[in-house]
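Take a look at this one; I'll ask things after.
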Amino acid sequence: MKRVLFVFAIFFMMGGSKAQSVAEARKLLYYDRYDGAASQLRAALKADPGNSEAWWLLEQVYVHQKRVPALRDTLGQMPAAVAQQPMGLCAYGQLLLEEHKKDSAMGYFNRAMEMTKQKDVPVMLAITRAEDAADSADANYAYAVDVLNKAIKREKRNADLYVAQGNIYRHMMDGTNAYKAYQDALAQDSHNVEALYRMGKIFVSQNNAEMYLKYFTDATTADPLYAPAWYELYYYNYFRDVNKAKECLDHYIAASDPSPKNDYLVTDLLYSSRKYAEAIDHARQLIARQGKVSEPRLYKLVAYSYKELHDSTKALDYMKQYFQLQTDTGFVVKDYSTMGEIYASLGQADSAAVYFVKADGLEKDSIQRQDDARKLADLYKKQKDYSNEAQWLGKYYTGNTKATNLDLFNWGLAHYMAKEYPAADTVFGIYETKYPEQEFGYYWRARCGAAIDTAMSKGLAIPDYMKLIEVDAKDSTNKTFRKHLIEAYGYIAAYKANTEKDYAGSIDYFERLLSLDPNNTDAQRYVAILKKNLSRMAGKGSSGESAAAKSEKGEKADK
């Protein structure tokens, strides 16, 4: 008799242990602790392969982890008898949804509903959760709503059904009914943590911080072990208060399964907290522990940290490793711009330019693109590559409401320094139009005209030199204006003498020059020559032009 009782006790304890494992797994899933749930479920299934709920729960682990191949392999091990049970059919239906075979999945769900005569609430909940987890293109939300309405008629006080209903309505972009469903769930259970959390997510989509912080805080108050709400609070504070974020992250980690993801979060927060040395140490420990399976972004975080510590050599080393490990689709604009900044700080301008150009090609934010263009312009200026400097200054200026007249001037000057005179003339023409009261546009456009018209045959520079005189003559005491006036008078005088053969006009402009610069010996000499020419011309009448042209051995008046 004692032996029979002992055997019965052992059997009872084993059965209780299996039930406890499934219940514990269900609870861990509720808290998004998938690794812990999987461990409990594998133990339960090893002891009782016929537990259809355990198979379905294990499937949820793989669905949430987006591990469809593992899900397929796991269900392939399900006993045939279990596969034909309602929960087994739900499990296979969900697998088909994950494989984008929604029509076939519907067949399994309908069979499960028929077998239970549409009365089994857990089966109905399993079907709707499968639809909830599926991609929107594969899910049948209207069907899920219909199934949930039938379930609610049977169990009106089941808060989980209302939460599931709210989730489906959110997929349908029906915020009003989603809000009502979550409120109904809270009416049945005011401490239903998932309902509080989901309410918070509604207000996240509306960018209503006051409301979503309230609901996430209420969720953590109702159940301090509900990790999803702690994560939301951590994420909110990450950009605002690193100390508060650290507090929330500690709670999140305490309520989560140990994982590399949590280690990454700690490292990220150290970097955001400007604890760069600690961030480097933490990241390097993870890299050493994980080896080649480490996230490439760990190398980037180390590089960014070294950059902030002004150690460009080590920053470059880790950024190179990051670029070797990261996939092409994983790169972001800042990766390229940071690499460019590191190369620039090391004086490697050519390499820096390559990465800045790549960053510009990917950047969509117009303000950031303008900032990148300015960096490239400065970089090319240091290299004395004025053509590329002008190209990027043009991109910086165009459409930039914050660009100034100095930016426009530098753009034109870079073209001029690159000897791209027509392009420089165009830019300074814009300057003339926008700032007609200033002399810079006229002066540099005149110089562009002179550089293009080297033979002084077309007089391209004359109109702008004349406008320059109008502006600068108002204040000839200004040293810059005085210098430019002397240049303008000299050029116009030379043009009148050599091209127009207007010697009297040429003398007039040389004399204006001498009024500003009385000791200019060149101007004095040219005036003397021109006056002699005029005197000879007066003595020889109509042949004077020929005589003047031959006088002084053909010496010309030049600037």
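The values are calculated or read from the model by the stated rules, or taken from the named source; none is laboratory data. Keep in mind it's a predicted model, so treat the numbers as computed, not measured. All Cβ positions, glycine included, derive from the backbone under ideal geometry; neighbour counts span all protein chains shown. Heavy atoms of the whole protein, side chains included, go into the accessibility calculation; ligands, DNA and RNA do not. Shrake-Rupley method; radii C 1.70, N 1.55, O 1.52, S 1.80 Å.
Keeping every protein chain present and rolling a 1.4 Å probe, give me the accessible area per residue for the stretch 31-100 in Å². Spell out each step's value before the answer.
On the way: 2930 Å² over 70 residues.
Roughly 42 Å² per residue, with all protein chains present.
Mind ranking Ser294, Ser366 by accessible surface for me, highest first, 1.4 Å probe? List each step's numbers first, then the result.
Values: Ser294 10, Ser366 75 Å².
So, going from the largest accessible area down, we get Ser366, Ser294.
Turning to a different aspect of this structure: With every protein chain kept in place and ligands, DNA and RNA left out, what is the accessible area per residue of the stretch 175-249? Probe 1.4 Å, answer in Å².
On the way: 3690 Å² over 75 residues.
About 49 Å² of surface per residue is accessible.
Could you calculate the FRET efficiency of Gln118 with Arg289 from 1/(1 + (r/R0)^6), where r is the beta carbon distance between them and R0 is 45 Å, rounded to 0.05? Each step should come with its number before you reach the end.
Details: r = 52 Å, r/R0 = 1.16.
Plugging the Cβ-Cβ distance into 1/(1 + (r/R0)^6) gives 0.30.
Here's another thing I want to ask about it. Using a cut-off of 16 Å between alpha-carbon atoms, which aspartates and glutamates can reach Lys66, once sequence neighbours fewer than 8 places away in the same chain are excluded?
Result set, ordered by chain and number: Asp32, Asp35, Glu98, Glu99, Glu131, Asp132, Asp135, Asp138.
Given labels modelled 7 Å from the Cα in the Cβ direction, how far is it in nm from Lys261 to Asp502?
According to this spin-label approximation, the distance is 8.2 nm.
Each residue of the stretch 284-290 in order: what ³J(HN,Hα) in whole Hz does its phi give by Karplus 6.51 cos²θ - 1.76 cosθ + 1.60, θ = phi - 60°, with x for Gly and Pro?
Couplings: 5, 5, 5, 4, 5, 6, 9 Hz.
Right, next: Carbon-plus-sulfur fraction of the accessible area of the stretch 231-382, 1.4 Å probe, in percent? Intermediate values should be presented prior to the final figure.
Values: 4010 of 8180 Å².
For the stretch 231-382, the apolar C and S fraction of the accessible surface comes to 49 percent.
Now for a separate question. Would you work out what percent of the accessible area of the stretch 39-100, with all protein chains in place, is carbon or sulfur (probe 1.4 Å)?
Working: 1370 of 2630 Å².
Its accessible area is 52 percent carbon and sulfur atoms.
Along the positive direction of the dipole of the stretch 170-233 (beta-carbon charges: Lys, Arg +1; Asp, Glu -1; about the Cα centre), which of Thr220, Ala178, Asn192 reaches farthest?
Ala178
First compute the accessible area of the stretch 428-541 with a 1.4 Å probe, then give the percent of it belonging to carbon and sulfur atoms.
On the way: 2920 of 5680 Å².
The value for the stretch 428-541 is 51 percent carbon and sulfur by accessible area.
Right, something else. Enumerate the aspartates and glutamates that Lys364 could reach by cross-link, defined here as Cα to Cα under 15 Å, with residues fewer than 8 away along the same chain left out.
Lys364 reaches Asp335, Asp372.
Then there is this: Heads up, I need the accessible area for His484: 1.4 angstrom probe, whole protein in place, Å², nearest 10.
Accessible area, nearest 10 Å²: 20 Å².
Charges only on Cβ, +1 for Lys and Arg, -1 for Asp and Glu: so what's the dipole of the stretch 276-429 about the Cα centre, in debye to the nearest 20?
Values: 20 positive and 21 negative charges, 52 e Å.
It works out to roughly 260 debye.
Still on this structure, I have one more. At 1.4 Å probe size, with no ligands or nucleic acids counted, give the accessible surface of Thr398 in Å², nearest ten.
We get 90 Å² for Thr398.
For the stretch 423-497, report the accessible area per residue in Å² (1.4 Å probe, heavy atoms, rounded to an integer). Don't skip to the answer; put the middle values down first.
Details: 3410 Å² over 75 residues.
Per-residue value: 45 Å².
Using only the alpha-carbon atoms of the chain as identical scatterers, what base-10 log of I(q)/I(0) does the Debye formula give at q = 0.09, 0.11 Å⁻¹?
-0.87, -1.09
Hey, how much of the P(r) for the stretch 341-493 falls beyond 27 Å, as a percent of Cα pairs? Let's see the in-between values first.
Working: 3783 of 11628 pairs.
That fraction is 33 percent.
So if the hydrodynamic radius of the stretch 456-505 is defined as the Kirkwood radius over C-alpha pairs, what does Stokes-Einstein give as its diffusion coefficient at 10 °C and 1.306 mPa s, in µm² per second?
Details: Rh = 11.2 Å.
It diffuses with D of about 142 µm²/s by this estimate.
Just need the relative contact order of the stretch 152-195 here, percent rounded to a whole number, with Cα pairs under 8 Å and 6+ apart.
Working: 43 pairs, mean separation 17.6, N = 44.
Answer for the stretch 152-195 is 40 percent.
List, in the order given, every pair from Lys419/Lys479; Lys261/Lys314; Lys381/Lys474 whose Cα-Cα distance in the structure shown is over 32 Å. Before the final figure, lay out each step's value.
Working: Lys419/Lys479 27 Å; Lys261/Lys314 25 Å; Lys381/Lys474 34 Å.
The answer is Lys381/Lys474.
Okay, next question. What's the ranking of 376-385, 70-79 by average number of surrounding C-beta atoms within 10 Å, highest first?
Details: 376-385: 17.9, 70-79: 15.7.
Most protected by this proxy first, the peptides run 376-385, 70-79.
If I take every Cα pair under 8 Å that is 6 or more residues apart in the chain, average their sequence separation and divide by the length, what percent do I get for the relative contact order? Don't skip to the answer; put the middle values down first.
Values: 705 pairs, mean separation 24.8, N = 559.
Across the chain, relative contact order equals 4 percent.
Okay, next question. Can you give the charge dipole size of the chain about its Cα centre, rounded to the nearest 20 debye, using +1 on the beta carbon of Lys and Arg and -1 on the beta carbon of Asp and Glu?
Values: 74 positive and 73 negative charges, 93 e Å.
The dipole magnitude comes to about 440 debye.
Lysines within cross-link reach of Lys532: Cα-Cα under 17 Å, excluding same-chain residues under 8 positions apart?
List returned: Lys496, Lys501, Lys540, Lys550, Lys553, Lys556.
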